[in-house]
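Below: the structure, in structure tokens.
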Amino acid sequence: STRKQLTIAGVDYPTDSWTNVPRAILSNYGRKLHISQHHPLAITRQLIESRFVGFKNHNNLPGVVTVDQNFDSLGFAPDHPGRSKTDTYYVNESTLLRTHTTAHERDIFRDNQSDGWTLAADVYRRDAVDRSHYPIFHQMEGALTWHRPNFSSRDACLDAIKDSLRKLPKHDLAVEDPNPPFHPDHNPLQEKYHSPEEAEAVGAHLKRSLEDVVVTIFTEADKALASAGQASSTEQEPLKVRWVEAFFPHTSPSWELEVWWRGDWLEVLGCGVIDQPLLIRANQPDRIGWAFGIGLERIAMLLFGIPDIRLFWSKDERFLRQFRAADPYKRFQPFSKHPAAPRDVAFWLPASAQGPVVADTPASNSSAPSPAGGQRTETVKAGVEPVFHENDLMEVVRMIAGDAVEDVKLIDDFTHPKNQRRSLCYRVEYRSLERTLTAEEVNAMHEQVCSELVGRFNVEIR
Ligand code: PHE
């Protein structure tokens, strides 16, 4: 159904060929979980904010932004894959649901109300279906800049940065950081604007500040949990964190912080030295500083032991009441787990789709895709619109099953040796967090999924 207008939070937007925001997204738009009292995302936000004393907190910015705010103002290349319709929800050609809190950086720098600020908000991305991905999640952005009015004040500014570095709280966790400070191709020193000493001091301040956040909230949690006789938030293992090199258009150099959890490194945030042209576009050529973006769900899942990202959206009292205690640190006690109902769907792609089929490999069963989380960086051949994109299938399943789907993964990808036709098979894991689904219900949903796939993508069910 094509709608001439899309109404979001009482505002009408004209639609066009870019419009791809589904109704299910709009029904959750504006819930503002990150500022709902006693919600685990709000608790997590406050714990992080409390580590940035004196920062101004912006927590109520609407999620509909312009393409300019979300991408252009940040220096995203015109062909950056993050801009594609398969990754991003467009209201129309010039308006979208922000894909990251960075969308507000330029405007906040331009207002220049405080040297340090944080901003928490809901963000929207078309993505896989599994227990750690949901098309709406929350990020907290943070930034700190120092004033460096002209070239001759460079030494004074460097001293100020080093001085604030000395004043940061100390921790005794050994953090792996094998990266050289700069990487000539993808993480260069911004040599036109920064001296190596400045960039290194800013980077050191950034890393220490974020290590402090993670170390403090996880050790505080463990102390509180131990005294309440509960298991540690890191699940018996000592906290382990490391820095890895990352890449963002709006920072250089850039890093990600990963936390060791259940036998795997989990990315929890991205950060870096702010791209100076961005500050110049924000009318702040005389400032230098750092910025970060944290995935709030990831931190909250670790901190409270929340096993499924859908729970954050639950209106079930059995979930919500667990976070009303005075002590913010509490392990979530899962309520009964209802049985999973797996169903497979195998289909032949239409002959025309033999070429560019884009699945965000290594498919949805990878726990890796970014939470903080880097926009997809692999490139899609310019000008070639894929005929079938995995995210489109994900959305069909979400549209039909809503929160009754837990996971969708590619389990077979086969090309017929004779006619070269390609067949894909996905396993859809239906499971409600709130009740047991009947076989009839699951079958009805699955049949609808199959017929939508046929109707939309012209596939042939096997
Ligand atoms: N905007 C980045 C993302 O969502 C995270 C980030 C924020 C990285 C600020 C660096 C600085 O992928």
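Derivation of every value follows stated rules applied to the coordinates shown; laboratory data play no part. These figures come from a predicted structure and were not determined experimentally. Don't worry about glycine lacking a Cβ; one is built from the backbone with ideal geometry, like all the others, and counts go over all protein chains shown.
Couple of notes before you dig in:
- Hits among lysines - C-alpha to C-alpha of Lys240 under 26 Å, sequence gap 8 or more where chains match: Lys167, Lys170, Lys207, Lys223, Lys330
- In the chain, the DSSP-assigned H stretches of four residues or longer account for a calculated mean residue ellipticity at 222 nm of -8000 deg cm²/dmol, using -39500 (n - 2.57) per stretch and the full residue count as denominator.
- Cα gyration tensor category, rounded, prolate or oblate, for the range 5-323 with a/c compared to 1.5: oblate
- Helix axis angle, 439-457 relative to the chain longest principal axis, alpha carbon, degrees: 80 degrees
- Inter-label distance for Glu237 and Asp115, nm, one decimal - labels placed 7 Å from Cα along Cα-to-Cβ: 3.8 nm
- For Ser50 and Glu440, a Förster radius of 56 Å and the Cβ-Cβ distance give a FRET efficiency of 0.70, rounded to the nearest 0.05.
- Efficiency of FRET between Asp344 and Gln448 - r from beta-carbon atoms, R0 25 angstrom, step 0.05: 0.95
- Distance (nanometres) between label positions extended 7 Å along Cα→Cβ at Arg321 and Asn419: 5.9 nm
- With the cut-off at under 17 Å, measuring from each backbone N in the range 399-438 to a point 7 Å along the Cα-to-Cβ line of Ala351 picks out 416-423.
- Hits among aspartates and glutamates - C-alpha to C-alpha of Lys418 under 19 Å, sequence gap 8 or more where chains match: Glu460
- 10 Å Cβ shell holding at most 13 others, DSSP loop, GluC sites (Glu not before Pro): longest site-free stretch of the chain: 236-377
- In this structure, Asp172 and Phe335 have a Cβ-Cβ separation that, at R0 = 51 Å, corresponds to a calculated FRET efficiency of about 0.85.
- Loop-located trypsin sites (Lys or Arg not before Pro) in the range 156-240 whose Cβ has at most 15 other Cβ within 10 Å (DSSP): Lys170, Lys192, Lys240
- Tilt relative to the chain, helix 390-401 - C-alpha long axis, 0 to 90 degrees, to 10: 70 degrees
- Cα long-axis angle, helix 154-167 against the chain (0 to 90 degrees, to the nearest 10): 70 degrees
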